1. Taking +1 at the Cβ of each Lys and Arg and -1 at the Cβ of each Asp and Glu, which of A:Ile105, A:His155, A:Leu63 sits farthest along the dipole of chain A towards its positive end, judged by Cα position relative to the Cα centre?
2. What longest region of chain A stays clear of GluC sites (Glu not before Pro) that DSSP places outside H, G, I, E and B and that have at most 11 other Cβ atoms within 10 Å?
3. I'm checking a number: the convex hull volume of the Cα atoms of the protein assembly as shown, normalised per residue, in Å³. What is it?
4. Taking the 0 to 90 degree range and rounding to the nearest ten, how far is the long axis of helix B:323-332 tilted relative to the main principal axis of chain B, both from C-alpha atoms?
5. Give me the percent relative contact order of chain A, please, defined on Cα pairs under 8 angstrom at least 6 residues apart.
6. How long is the gain from A:Lys243 to A:Val102 if the chain were fully straight, where each residue apart is worth 0.36 nm and the alpha carbon distance is subtracted?
7. B:Thr132 to A:Ala256: FRET efficiency via 1/(1 + (r/R0)^6), r the Cβ-Cβ distance, R0 60 Å, to the nearest 0.05?
8. Using only Cα atoms, what is the ratio of the radius of gyration of the stretch B:116-242 to 2.2 N^0.38 Å?
Amino acid sequence: MSKWAYFFLAVPILVVAIFGASLLFPSLGWGLPENVSTIGKSIDFLYYAILAITGVVFVGTQLALCWLLFIEKGQASKDGRGKYTHGNHRAEVIWTVVPAFVLGIIAFAQMPAWYQARFNGPRVDPIARVVARQFEWRIVYPGPDGQYDTSDDIHVPNELHVPVNRRVRIELRTMDVLHSFFLPHLRVKHDAVPGLSVPVWFDATKTTREYQNENAELSNADFRAVDGTTRLGRICVAIDEAKTPLTSFLKDHLSAETRAMLASYLVTWNATLGAEFEPAVPSGLRSAMIGELNGILATEDLSDPKLTEGINLTASTTSHLASPLGGRKSTLLNREILQDAFPGEIKPLERHFDLACAELCGWGHYKMKGRLIVHETQEELDAWLAERHAEQEASR
Amino acid sequence: MSRRLTWLTGLSVLLLGGCGINLPGQYPLASYTRAELIGEKSDERVDLPPAIREELGNLLVDYFGTPKQPGLLSISDEQWQNLIHGQALYQKHCIHCHGLNGGGNGPTAPFLFPRPRDYRRGVFKWKSTTRTAKPTREDLLLILKEGAIGTSMPPFRLMPEKQLNELVDYVIFLSMRGEFERKLLQYYATEGPNVRQMYAEGVSGAEVQQSVAQFNKELAEMAPEVLAEVQESWRQAGDDIIEPNETMPSYNVESEEYEASLQRGKELYLGDKAACYKCHNRDGRANVADMDPSMREKNVDDWGQPNYPRNLLLGMYRGGRRPVDLFRRIHQGIAGAQMPAGGSNLKPREIWDIVNFVRALPYRPSLLPQEKPKSAGHGHGHGAEESHAAEDDAKAEDH
Ligand SMILES: [Cu+2]
């Protein structure tokens, strides 16, 4: 039977390994997402504390189970008969009192966090009404008159816009079944219950652009098209040929090794008719290119007019050029310029604070995804709302 | 024990492997009844003799390719790339409702009300163009971005613009393919040789074969013209946009002019010129439950699906809530549905009055005589909120 004992032993070992991996390798994305709210810290603390308590108990009971069922059993039943027991009063008292005590501690320890999250919200008007529906979020802003349920309400599907660093309140509703309003980065999760209108408070301590700026580095997946083909080849060739100010700037900043690899790639490219049959980018060149591009994005300033010459900048890049984030050097802005320089070859950055449904509400549940957009100022948010309102009032 | 383990492994492979849709080698050939195809009162399916079926299948592959390799002969490399990308996206996000060839008959479709759009007729409801025209690309993009509220069509607001455009390309492609196929099938249903009948009448085998070969030749000859016609209708869409030639009067909602506009709208609604009340009821709550059963049967759209007048107190407009959307809806009616076009006998100004009135109605139901007091129980709030509750009763799309 010992074979099976090892099999079941694997469960606690695997669980511990997965947890360890999620802590050791954050890039796997198995752990908690970055926290961008004020209450998040206490929630995370509780989360880890409870995980530690239950984790220790889980691993302990699993080990005990294996030992009792499989290893110990082999010893006890040598004479071919089972051993009977009528329980142990003292053991029962211990395993009742200890968990009750631990639960009591958790119950008291969580109260401040719960109070902060659920009750200590400012008594302000809701910034938006969030209506869940299979399978989308319908978000309603009160519009210029500040009143809900009037014809100038602003309707936005799947996008919740809030200002940064302010505790806002939303009104949560559902039009059909139970849904669960979940902002993982803000550690907010609340059920939307049919027939109820639930107040939910939260604040975001980081704007969407700040968040994107910190996560703007390029990865392999940014160069993959929908059909799975790679888009890096054309960029490599353009940089090697260095026909524009930007590409020659990039080429100058590459290491000699990478430039040598680029040159040999160009030979393959020309040999295989170039654009028609894009030859695969060798993995060495691929990782060197992505690594060096990321280095340039993080340290150089591509927004220099001399470099952007000849590039068709999109409207959003131009507006970001006008109000750069944290001075002129911004990874995000650099990335946007690079995207405009190679239109269609680099995927646009889609890192956002998620808005998800945490209730398995039907077959299309996983499609019930939206995003939270955190604006830098109230004015920026108002401008966005005004724009949306104008769009919605279009009479031509 | 080991057998149970195999069983468990098998089950988890099934669960993890998921239910991906495998692309067949070809788009399936559409199957219509005579009623669906040429409006005859007959539920008989239009069956093609194998030889004609094969010819039609070949023509469709020649002109439109296969699900894995969609394409049109006349398009550039870049457009072709877009189609390939569009197909991949369509397969991921749309196919389960709208079906492999855009027939609105994907595996989820039977559970939805209203049914997903069948593109193959080339008829689209929510557009800025005239009733008989095709929608513009912008119309399709808007529906993709905003979804169609009150239906199961979700908004794809989070999808990058480029991908949305690729999806629009593919949807237009599927619609062209469907309409092309439908027109050739219509030609068969009206002009094609009825092989079964010919044999029954004692026509010799050689003659039957000859007439089939002759018909196949005709099909192949007319195909380019049919395709050109369908493509042209899509190309023209941009020329048929309905622009209100009188701009919407802008009223302050607290002004008397606004109230006067609402009153004029109300009179038109209840009067015989616009006659909105005939379908939407005097109280605006065109309610399926209140409807005369004979009316219910008559309310069928071009696709043969139940199609009821909208309860105007819900404030939910499937084709968009902008004033200009409502203007176009009243001006042109709704293609494929019962909503008639009002543009010919209503002046633009009158249409704007109705638009104002309809937009105010969900928040002020008392603008219309509300005969039945709303049943108690919907505790808090009024207006739109109450209407959401009312909508729940009428809605049958939960799944
Ligand atoms: Cu949900």
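1. A:Leu63
2. A:1-308
3. Normalising the Cα hull of the protein assembly as shown by residue number yields 269 Å³.
4. 60
5. Here the relative contact order equals 19 percent.
6. Gain in length upon complete extension: 43.9 nm.
7. 0.35
8. Ratio of Rg to 2.2 N^0.38 Å for the stretch B:116-242: 1.43.
The values are calculated or read from the model by the stated rules, or taken from the named source; none is laboratory data. This structure is a prediction, so every number in the text was calculated from the model and none was measured. Cβ atoms come from the backbone with ideal geometry, glycine included; neighbour counts cover every protein chain shown. Heavy atoms of the whole protein, side chains included, go into the accessibility calculation; ligands, DNA and RNA do not. Shrake-Rupley method; radii C 1.70, N 1.55, O 1.52, S 1.80 Å.
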